[in-house]
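Below is one structure; the comments refer to it alone.
What follows is calculated from the coordinates using simple rules that are stated; it is not laboratory data. Everything numeric here is computed off the predicted structure, so don't read it as measured data. So basically every Cβ, Gly included, is an ideal-geometry build from the backbone, and we count neighbours across all protein chains shown.
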Amino acid sequence: VGNETYRSAISKIKEGVKKGESISTLSLLYPELFPSIFNQVILVGEKTGTLSSSLSSISEFYQKEAEKLIEDFLRILEPLLIIILGGLVGGLMYSVLVPLYRLMGGY
């Protein structure tokens with residue numbers, strides 16, 4: 001895990017699981033890192049014996065959320081880049097055409 005905060009929390013949860021505590025109980029100690037939906041799905045997975053399936057579901061859910069955020073970001077970024085590039089092209093045209101026009105005696 002690249003994030004130091006998550007790495008530390010996961011390490012502590014791992015140690016707790018080795019001591020016999022449940023993942024859902026341990027993840028509740030970090031509400032700022034693990035949202036309630038995560039804890040609820042883990043709890044259900046532990047109680048029903050389908051923790052592996054629950055973790056896969058959470059993984060898919062957050063993967064889709066990340067993809068949606070990236071798509072939304074790119075949807076906003078694209079028009080902004082077009083405006084910036086348009087300004088650059090316009091500025092370049094102005095800096096080339098105005099001196100040329102002056103040389104030809106237009107001003």
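At most 16 other C-beta atoms within 10 Å and a DSSP loop state: those are the exposed GluC sites (Glu not before Pro) I care about. Give me the longest piece of the chain that has none.
33-107
Please get the size of the charge dipole for the chain, origin at its Cα centre, with Cβ charges of +1 on Lys and Arg and -1 on Asp and Glu, quoted in debye to the nearest 20.
Charge dipole, the chain, about its Cα centre: 180 debye, nearest 20.
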Given 4 °C and 1.567 mPa s, compute D for region 1-49 with the Stokes-Einstein relation, Rh being the Kirkwood radius over Cα pairs; round to the nearest whole µm²/s.
117 µm²/s
Once the Cα gyration tensor of region 62-107 is found, what semi-axes does its equivalent ellipsoid get, as square roots of 5 times the eigenvalues, in whole Å, sorted largest first?
43, 5, 4
With label points set 7 Å from each Cα along the Cα-to-Cβ direction at S57 and K18, the distance between them in nm comes to 3.0 nm
Per the charge dipole of the chain (beta-carbon charges, Lys/Arg positive, Asp/Glu negative, Cα centre), the residue among L55, L97, T5 reaching farthest to the positive end is T5
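Cβ under 14 Å from L74's Cβ, L74 left aside: what net charge do those residues give with Lys, Arg +1 and Asp, Glu -1? Show your work: numbers first, answer last.
Details: positive: K68, R75; negative: E67, E71, D72, E78.
Residues near L74 contribute -2 overall.
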Helix 51-103: inclination vs the chain longest Cα principal axis, degrees, rounded to 10, gives 10 degrees
Roughly what angle does helix 36-48 make with the longest principal axis of the chain, taking Cα atoms, 0 to 90 degrees, to the nearest 10?
40 degrees
